[in-house]
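Visitor: One structure follows; several queries about it will come next.
Just so you know, all these numbers are worked out from the coordinates, no wet-lab data involved. Worth saying up front: this structure is predicted, and the values here are computed from it rather than measured. So basically every Cβ, Gly included, is an ideal-geometry build from the backbone, and we count neighbours across all protein chains shown.
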Amino acid sequence: MKMRNRNRSETRFVMRSVLALSLICMAALLISGCSGLKRPSKDITVQIHTGTTGLAMSFLKNAPPSDIQATGENQRTPFQVGISLENKGAYDIKDGHLLLSVERNYMEIMGWQLNDNERFTQVGASGEKVSFKLKGRSDINPTGEIDSIFANVDALPFEKQSITRSASIRATACYGYQTLASASVCIDTDAYNLNPIDKSCTAKDISLSGGQGGPISVDKIDVSVLPNNEEGEEKSASPQFVVHISNKGDGLVFNKDKVSDACSSANLKTEDINTVTLDDISFSGYSLKGGYFECSPIQIRLRGQDDKFVCKVKKGIINTKTGAYSTTLEVVLEYGYSQTISKDLAMSRII
Amino acid sequence: MGFSSLIYKFGSKFARKKAASASSGDEPADPPSGDADDTDTSSDEPKEKKPGKLRRAWNWSKRKAAGGAGWVADKAPEAGGALGSAAKGGAAVGGVIIGGGRAALGGGWRVTKGLFTSIDILLITALLLHAYDLKTYFENLQTRGLLLILFAVYAWLFIYSKYEGGFGDIKALIKPLGISAVAFFVPLFLRSTFFLNITHLNDLIATIISLAPIWPLVIMFGMPTTRLSKWLRISYIILILLAFVPSFWYSISNDFNIQTMRVGGFGVMYDTWDNVKKGGGYVYDSVAGIPGQLKKTAEKQIQYAVGDYYTGQVEDSKNQQIGVYIENVEPVTADFYADDTVIVWATLLAKTLDPEKQIEIKATCWGEKRIGDELKKEQGDADPSSDNKEFVLQTAREEERYITCEFPPKFFDMGPKNIFVDADFNFQTMSYLKTYFMNLETLRAMKRSGIDPFDQYKITDKNPPSVCTNGPINLNIKTSEMPIGVSTSEPVDIKLGITLENAWQGKLKKANDITIKIPDAMEITYCDHAFEKVSCTGDECEDGKYISVYKIKKQKTGGKMGLDDIKEVAGYHSIACRLKVNDMNRLLGNYPLISTFFKVTADYEYGLEKMTSVNIKEALGGGKGTDAATQQQKAASFTYRPTSSPVTVKIGQQKEFSVTITNPGSISYGWQSQGVKEETWPDVTSYAFSSDKAGDAKVIFSAISSNGTKVEEKAWDVKVVEEGTT
């Protein structure tokens, strides 16, 4: 009898233990699962649209070498130029151009080592240009794509009486890019506080620092709501946004449609240079593309100081009775961008 | 009594006068004891009212010595740096900058104490200025002039105006400006004699301008003594004594033949007179040459200002001596007797980097000979081993040869004679100018947007100079401001200027060819010389990079100069052309900004000259002509080239070893090589060594007398190395 009771209590103890353990595991799974889903998602969103770099370029170590020594007379000296490209921004480069520039009397580009790399395609027969595509940072790839490409270059024979030369190699990338800036703004339709309702927020200017994952940065948004002068009971207010932008990179900004021209000898007109296009601005379902905004200018010329554009919601869209509410304002800017890296080479021949 | 002691003595008097006037209330009282160097302390000179300005500088420290406290009290506020308990205790601290008058305390030290006085700072600055001059070899006239003016102003503000006239006294500026003017013009004047190509005079001038810097000497010997200036003064005197006195006496004894006791009163006078005449001649030539040199310099500056003189730089030759050089032009002895064969050695070095372009060098030697009243150059024998008086060398690589110049006995009359070794050779110089081009519209758009295209495309050498290969002629090229904008819709006028500039001490005898290469997408539209477009040939085309080139015509065409008009260029010769772009797309290709090159090649003949001097004395025994007996008495002497050992020779390279035997008598001689090359060569005075394998060798010269005894042996260690070994 005693033995039976003892076995029963032991069985009960084991069952309780298993149940408790199962509950603990389930709880742990639930907790970790929830946090695992939520936290990183929030972090990635923050990380993607930060920074002021779009494409980062550099020559690979010792490619090209700093010193090139020609070994014999009338002989070419082959060497490699390796260029690393990394899309550190938050936009995908779909049709970038990479132009390798050598001093033609001293060097000749023999060709690119493409190796079936789908990211690079040679442009034209002359061999100095390739097109490339590189994805930017995203939820899936929070670091952005990185790749490198090599070109075969020959140092040409020296002139007969010459011993030394100094030359340089340059690589220029031209690509279209986009900056997406989002910020929480307060839309206060009762600018003069006529409605006796407590406001959930008040309109104030927003400062943005650290960039939005592209060389063109939205630095500040001045928010204001302008009451419209209308007759009748239904009156509307027009939220107005003054968006301050700047070029935080060291490259050239140009019209988004001139990417190919920027990496060629074609004309770039004054209006093409330092030009950023406002693609869209939106909040709460109202957008420029949807026709709710009046913006000026759409093509923004950067002059180096206090570069801005103004967007205002059209008349009759937002009723003043709406009150004050917080919402997310998104600004999308498009532009072409060009940047160059260079390396000086000392060339000599052994006598 | 030296100059400085005279000045000093005067200074002492002034100090005492100051002391006397101080005792009457104007100036501080005399210290209890006199200056250690002041030997005239007993007498006072109340009648002397004011010392001369020249000497008052010296008296600054004396004033401190005579009454440092008073001086400090009197002058320190002006100087702005005096501190001092000096007024009562006499221990004047302070002074012009830091330091000052220990004088009162010490009873009249002339040496100012402290870390640095303003004189020390002036002296250090003057020495730095001189160091700069030595570094730039007194050549940078504009900078020198500016620095010396600034220095004079500095000296005026901090030294002269304070103690000679009062702060800001403009009259006191005259003296420092005068000294700066002397400091500027003396090296300029002396350097002008460099262009006379008088080698030993050059050495003398270099010595004078290096060791006698005007401003440091003025400060050390003409201003109040500070500790620093005192030590520098002593060091300077010791240096001069050690450096020159022994050689001075040796030189005197040598020149006046003291060692042979052949000097009589008249002899000395004759020699002295000869030297004076010779020196006077040099001075006359120097003075006469100055206007020419100044004119040349001025012309160059004017041409540069108006844009007809183009500058550039010479390619780094990595310590390679490329071209033709005459070095070590030396007589076997400084003094020859009239019945001696005068022998002068010279080393001829030739190096070209183009194996397909042989250099032919014709070396000749000339001696100055007085014919009537005229001093004429008469040719000596530069190749005594052949009938030809010219020494001819052809090379497409690297050669080093020794030239023996012989002038037969009685060739020269008595006295110092100049001997010239000339080398005429053909040479080629190539020059290139990196030029940037871009689309004119884009260039304008960028400029309007405040963007520098060079910065945008990470180009650091925004205005690259032309670079020419090493050689006696510098080829400088200049073009329009870069980047040059080119357009299909509007013509762009591009300037191309070329200057052939004489870089060595010789002259361009004649031009054989001048070729301009520009990108094929461009065309020369105008030149102020007669150029024509021709198809390129061979290497000129650079593997198809060029289809045509521009060459200057031989003769003057349509009033424009041709090759024949470019000759005897001792200065420079400029050519100006205009260009246009025919095909913008071809020029720019795919690039928004492209660098391309303008190239110019000049083939020419150049004449190089080096000089040495010998002294011709009357033959021993007063003989007229060769005295066999005298010759017999002289022992054989040997002079060798190369002078040092070991000698490095590249595989395949010929290296000459040679000996000059003076008074050979009846000796027999020969050469022997051992090691990687084994051979013997009897009865020749020069031996050309070469080896086709690397390793060590020994080259031996030996001479034996008629009775079989060895009278001379000389050995060189030779290292034969691979091509390309440095």
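Visitor: With unit charges on the beta carbon (Lys/Arg positive, Asp/Glu negative), name the residue among B:Tyr591, B:Thr460, B:Met561 whose Cα is farthest towards the positive pole of the charge dipole of region B:435-602.
Guide: Checking the options against the dipole of region B:435-602, the answer is B:Met561.
Visitor: Take B:Glu441, B:Glu656 and order them by how many other Cβ atoms sit within 10 Å, fewest up front.
Guide: Sorted ascending by nearby Cβ count, the order is B:Glu656, B:Glu441.
Visitor: Would you kindly calculate the translational diffusion coefficient of region A:175-229, applying Stokes-Einstein with the Kirkwood radius from alpha carbon pairs, for 10 °C and a viscosity of 1.306 mPa s, and quote it in µm² s⁻¹ without decimals? Provide the component values of the computation, followed by the final result.
Guide: Working: Rh = 13.5 Å.
My calculation gives 117 µm²/s for D.
Visitor: Hey, another quick one. What residues have an amide H closer than 5 Å to that of B:Ala619, excluding those fewer than 5 places away on the same chain, when H is modeled at 1.01 Å from N in the peptide plane?
Guide: B:Ala338, B:Asp339
Visitor: Starting at the first residue of region A:78-89, write each ³J(HN,Hα) from the Karplus equation 6.51 cos²θ - 1.76 cosθ + 1.60 with θ = phi - 60°, in whole Hz, x for Gly and Pro.
Guide: x, 8, 10, 10, x, 10, 9, 10, 9, 8, 8, x
Visitor: Neighbour counts of other C-beta atoms within 10 Å: give me B:Glu542, A:Glu231 arranged from fewest to most. Provide the component values of the computation, followed by the final result.
Guide: Details: B:Glu542 15, A:Glu231 6.
The most exposed by this proxy come first: A:Glu231, B:Glu542.
Visitor: Ranking A:His244, A:His97 by Cβ neighbours within 10 Å, fewest first, what do you get? Before the final figure, lay out the partial values.
Guide: Values: A:His244 17, A:His97 22.
Going from least to most buried by this count: A:His244, A:His97.
Visitor: Something else about it: Give a residue-ordered list of calculated ³J(HN,Hα) values for region B:140-145 (Karplus: 6.51 cos²θ - 1.76 cosθ + 1.60, θ = phi - 60°; whole Hz; x for Gly, Pro).
Guide: Running phi through 6.51 cos²θ - 1.76 cosθ + 1.60 with θ = phi - 60° gives 7, 4, 5, 5, 4, x Hz.
Visitor: Moving on. List every residue whose amide H lies under 5 Å from the amide H of A:Leu268, counting only residues 5 or more places away in sequence or on a different chain, with H placed 1.01 Å from N in the peptide plane.
Guide: When sequence neighbours closer than 5 places are left aside, the close amide H contacts are B:Thr442.
Visitor: If amide hydrogens are placed 1.01 Å from N in the peptide plane, which non-local residues have theirs closer than 5 Å to the one on B:Asn470?
Guide: HN-HN under 5 Å from B:Asn470: B:Glu315.
Visitor: Going toward the positive end of the dipole of region B:407-450, with +1 on Lys and Arg Cβ and -1 on Asp and Glu Cβ, which of B:Leu443, B:Phe411, B:Gln428 do you reach last?
Guide: Working it through, the farthest residue towards the positive pole turns out to be B:Leu443.
Visitor: What is the ratio of the Cα radius of gyration of region A:291-351 to 2.2 N^0.38 Å, where N is its residue count, to two decimals? Could the numbers behind the result be given before it?
Guide: Numbers: Rg = 24.0 Å, N = 61, 2.2 N^0.38 = 10.5 Å.
For region A:291-351, the normalised Cα radius of gyration comes out at 2.28.
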